[in-house]
1. Which translational diffusion coefficient, to the nearest whole µm²/s, is obtained for the chain from the Stokes-Einstein equation, given a Kirkwood hydrodynamic radius over C-alpha pairs, 37 °C and 0.692 mPa s?
2. If contacts are Cα pairs under 8 angstrom and at least 6 residues apart, what is the relative contact order of the chain in percent?
3. Return the distance in nm (one decimal) between the two label points of a simple spin-label model at VAL18 and GLU77, each offset 7 Å from Cα along Cα→Cβ.
4. I'd like to know which of THR103, TYR34, TYR59 lies farthest towards the positive end of the charge dipole of the chain, counting +1 on Cβ of Lys and Arg and -1 on Cβ of Asp and Glu.
5. Helix 106-118 sits at what angle to the longest principal axis of the chain, using alpha carbons and giving 0 to 90 degrees rounded to 10?
6. What residue among LEU33, LEU108, LEU19 shows peak mean-square fluctuation when the chain is described by a Gaussian network model with Cα springs under 10 Å?
7. Among SER70, SER16, SER110, which one moves the most in a GNM of the chain with springs linking Cα atoms closer than 10 Å?
8. Which angle between 0 and 90 degrees, to the nearest 10, do you get for helix 43-70 versus the longest principal axis of the chain when only C-alpha atoms count?
Amino acid sequence: MGAEFFKWSDEYSVSSEVLDNQHKQLFALTNELYEAFAAGDHKERMGEIIQRLHDYTVYHFKEEEKLLKSKGQALSEEHLAQHQEFIKKIKDISERHKTGRATVTFGLMSFLRSWLTDHIMQTDHKYKPVLESH
Ligand SMILES: [Fe+2]
C-alpha cells in the first residue's frame, strides 16, 4: 500500500478525544474507498464502502450535535445545514453509484477530502474553545 490518501494531522484536533476519533474514522473510511478505487475494485465493493461512509457520517454528526448540546453549546443553524447538505450529497453519490450513473473518480475523492478538511478546520473548530474549557 502506498502513501495514505488522507492523513490525520494534530491540527485537525477539536480538543475532544471522542470527536477526534470519529473524525479519524471518517478519514479511514475515505482512505478505504480510495484504496478500492486505486486498485480498480468491483463496483459492489466500492458501493459497500460508500454505504458505510454514509452510515458513519450520519452517526458522527448526531454524536457531534449531541455532545455540543450537552456542553450548553448547540451547533449553529449554518453548521447543521452543512451536515444536512453533506449527508444529502453522500446519499446522492451512493444512489448514482448503485444505478450505474456515476462511479468513483479522483474528483469525487478530492471532494470528500476537501469537504471533510474544510469542515473540520473552518466550522468544527469554532466549537473547539467550548470543549477546551471543559
Ligand atoms: Fe461538524
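1. Estimated via Stokes-Einstein, D reaches 211 µm²/s.
2. 35 percent
3. 2.7 nm
4. THR103
5. Approximately 0 degrees, to the nearest ten.
6. Comparing LEU33, LEU108, LEU19 in the GNM, the peak value goes to LEU108.
7. SER70
8. 10 degrees
Any read-out appearing in this document is the output of simple, stated calculations on the displayed coordinates, not a laboratory observation. Here the structure is a predicted model, which means the values were calculated and not measured. Glycine gets a Cβ as well: all are built from the backbone with ideal geometry, and neighbour counts include every protein chain shown.
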